[in-house]
Amino acid sequence: MAKRIAVLVSGGGTNLQALIDAQGRGEITGGRIEAVLSSSPDAYALERAKNAGIPGYVVNRADYDSNKAMTLALVEQLKELRIDLVVLAGFMTILTDEMVDAFPNAILNIHPALIPSFCGPGCYGLHVHEKALAYGVKLSGATVHFVSAECDGGPIVLQKAVEVLPDDTPEVLQRRIMEQCEWKLLPQAVSLFCQDRLRVEGRTVRIL
């Protein structure tokens, strides 16, 4: 039975597009993207979903008075859709514990740095790359991890590094990490999950 995947988005949806393209090439084994849920009605990611024939839903952050209220609405929608795997692809609302409780070790997130570097509250978007450049690291990259109650603190599934070059700007580094790391790692991790090849043992994820 193919696993049912939902992708949560807030903006442009470049990682969603990477997943759609990978699915189109037959690279996601044992699962299918069945829904895209956006925290904003204006997210371009909804267009990408529509173009790929994937149902799009809006759970608008502006309609809820707290992250918890929005999280509960998302959980309800995901349960209704009988979702097995939740993928956060540039989802900008911090989810509360109810999401993790509803989908234990079944929520994947991609972060544009090598966790535990440059992660946690406030480290999102270009801020991550600004921090990496300010620190002077020679390598950065991306991490796919399971989502836990701690921001960017869940068990690490996959990581990939790229070189940081002397004349990098945050925008240039961001692009390199997206193209060379994020767009490859996320479909790979999703496919491994759908094949039941990820086993979580404490902080360690074993790939079977």
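The values are calculated or read from the model by the stated rules, or taken from the named source; none is laboratory data. Just so it is clear, the model here is predicted, and its values are computed rather than measured. Backbone-built Cβ (ideal geometry, glycine too); neighbour counts: all protein chains shown. Ligands, DNA and RNA are stripped out before the accessible areas are found, and what is left, the full protein with its side chains, is counted by its heavy atoms. Shrake-Rupley method; radii C 1.70, N 1.55, O 1.52, S 1.80 Å.
The figures follow:
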read-out: Rg/Rh ratio calculated on Cα atoms of region 1-100 (Kirkwood radius); value: 0.95
read-out: Net charge of Cβ neighbours under 14 Å - reference GLY153; Lys, Arg +1; Asp, Glu -1; value: -2
read-out: Residue-normalised accessible area of region 1-108, given per residue in Å² at a 1.4 Å probe; value: 46
read-out: Cα point-scatterer Debye curve for region 14-162, base-10 log of I(q)/I(0) at q = 0.17 Å⁻¹; value: -1.09
read-out: Where trypsin sites (Lys or Arg not before Pro) in DSSP loops with at most 15 other Cβ within 10 Å are excluded, longest remaining stretch of the chain; value: 139-196
read-out: Accessible carbon and sulfur surface of region 1-94 relative to its total accessible area, %, 1.4 Å; value: 47
read-out: Region 15-117, relative contact order in percent, only Cα pairs under 8 angstrom and at least six apart counted; value: 22
read-out: GLU171-HIS127 pseudo-label distance in nm [points 7 Å out on the Cα-to-Cβ vector]; value: 2.1
read-out: For region 109-169, accessible area per residue (1.4 Å probe, heavy atoms of protein chains only), Å²; value: 48
read-out: Total lysine pairs whose alpha carbons fall under 23 Å of each other in the chain (8 or more apart, or interchain); value: 10
read-out: Residues with amide H under 5 Å from that of LEU88, placed H, sequence gap 5 or more; value: LEU8, LEU108, ASN109, ILE110
read-out: Estimated vicinal HN-Hα couplings, Hz - region 153-168 in sequence order (Karplus 6.51, -1.76, 1.60; Gly, Pro = x); value: x, x, x, 7, 8, 9, 9, 9, 10, 10, 6, 9, 9, x, 9, 5
read-out: Cα gyration tensor category, rounded, prolate or oblate, for region 29-87 with a/c compared to 1.5; value: oblate
read-out: Kirkwood estimate for region 133-208, i.e. one over the average of 1/r between Cα atoms, Å; value: 13.7
read-out: Whole-number percent relative contact order across region 107-165, with pairs defined as alpha carbons under 8 Å at least 6 apart; value: 39
read-out: Sequence-distant residues sharing a close amide H with GLY154 (under 5 Å, placed H); value: SER148
read-out: Axial C-alpha extent at least 30 Å, average Kyte-Doolittle at least 1.6 - helices from the chain (DSSP); value: none
read-out: Heavy-atom SASA rank of SER38, SER66 (probe 1.4 Å, accessible area, largest first); value: SER66, SER38
read-out: Net charge of Cβ neighbours under 15 Å - reference ARG203; Lys, Arg +1; Asp, Glu -1; value: -1
read-out: Positive minus negative residues near LEU133 (Lys, Arg vs Asp, Glu; Cβ under 14 Å); value: -1
read-out: Student exercise, the chain dipole from Lys, Arg, Asp, Glu Cβ charges, in Debye to nearest 20; value: 600
read-out: Residue-by-residue Karplus 3J(HN,Hα) for region 117-122, coefficients 6.51, -1.76, 1.60, Hz, glycine and proline x; value: 7, 6, 9, x, x, x
